[in-house]
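Worksheet for the structure shown next.
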Amino acid sequence: MKANIMAVCAVFLFTLLLPPALRAADQGHGGHSAAAATGQTHQGRGIVEAVDPAKGTVTVEHEAIESLRWPSMVMTLNVQDPAMLKGLKEGDQVEFNLLVKGKEEYYITRIEPVR
Ligand SMILES: [Cu+2]
């Protein structure tokens, strides 16, 4: 009988632990890492706010990215190769591919102006 109670307790504790994990996947932008699977590439669109070739970053006000459950927002993102930033300037409307490299790690693997 005591063992049964222990088993029930274990199941109960387990279900207590589950909801936060599931909620994390639904957090959208705040839960970046939880929602994003490593190795996946996602497509985004946005407007360039700043380009920093020295750091290899581009700041974009991106539209919502459904596949990542990200709402629209301003982000500074690393590019795979700073050469990709050549010719990009503030105000450009762009399309980009974003590779999920790891926890809170994203790289733009393609970025092109939309004309
Ligand atoms: Cu973002």
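Readers should treat all values here as calculations from the given coordinates under stated rules, not as data from a laboratory. If you're wondering where the values come from, they're calculated on a predicted model, not measured in any experiment. Note that we place each Cβ from the backbone using ideal geometry, even for glycine, and neighbour counts take in every protein chain shown.
Summing Lys, Arg as +1 and Asp, Glu as -1, what charge do residues with Cβ under 14 Å from the Cβ of residue 47 carry, residue 47 excluded?
Result for the neighbourhood of residue 47: -4.
How much net charge surrounds residue 61 when only the other residues with a Cβ under 13 Å from the Cβ of residue 61 are counted, with Lys and Arg +1 and Asp and Glu -1? Don't skip to the end; give the middle numbers.
Working: positive: 45; negative: 49, 63, 90, 92.
Local net charge: -3.
Pull out a ≥ b ≥ c, the square roots of the eigenvalues of the alpha-carbon gyration tensor of segment 47-115, then state rounded if a/c is under 1.5, prolate if not and a/b is larger than b/c, and oblate in the remaining case.
Judged from the Cα gyration tensor, segment 47-115 comes out oblate (a/c at least 1.5, b/c at or above a/b).
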